[in-house]
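Input: a single structure, listed below in structure tokens.
The values are calculated or read from the model by the stated rules, or taken from the named source; none is laboratory data. This is a predicted model, so every value here is computed, not measured. Glycine also receives a Cβ, built like all others from the backbone with ideal geometry; neighbour counts cover every protein chain displayed.
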Amino acid sequence: MLEHAKHKVTTDSNHKFNIAPNLLDRDFNADGPKQKWAGDISYVRTREGWLHLAVILDLHSRRVTG
């Protein structure tokens, strides 16, 4: 039995726009600080509404830098 998705899909991967190159090529290790960064965004639901959370991670120290 299949369960339906509980969220609305908003990404359209079938497009004609340029796609950025994958510079890390899944190599998430860095020899020193400030060489490789990774980032992500998420949404946090609060009583007042939705908030956007953006995080930047230094892949050498594994610390959030922004």
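Here are a few things to note about the model shown:
- Each residue in segment 40-61 was checked for being out of contact with any Asp or Glu (no Cβ under 9 Å at 6 or more places or on another chain) and either loosely packed, with under 10 Cβ neighbours inside 10 Å or modelled with pLDDT under 95 (or both), and 12 pass.
- Pairs, first assigned to a strand (DSSP E or B) in segment 28-43, second surrounded by 11 or more Cβ atoms within 10 Å (Cβ to Cβ) and of a type in the set (Asp, Glu), C-beta under 7 Å, six or more apart: Trp37/Asp58
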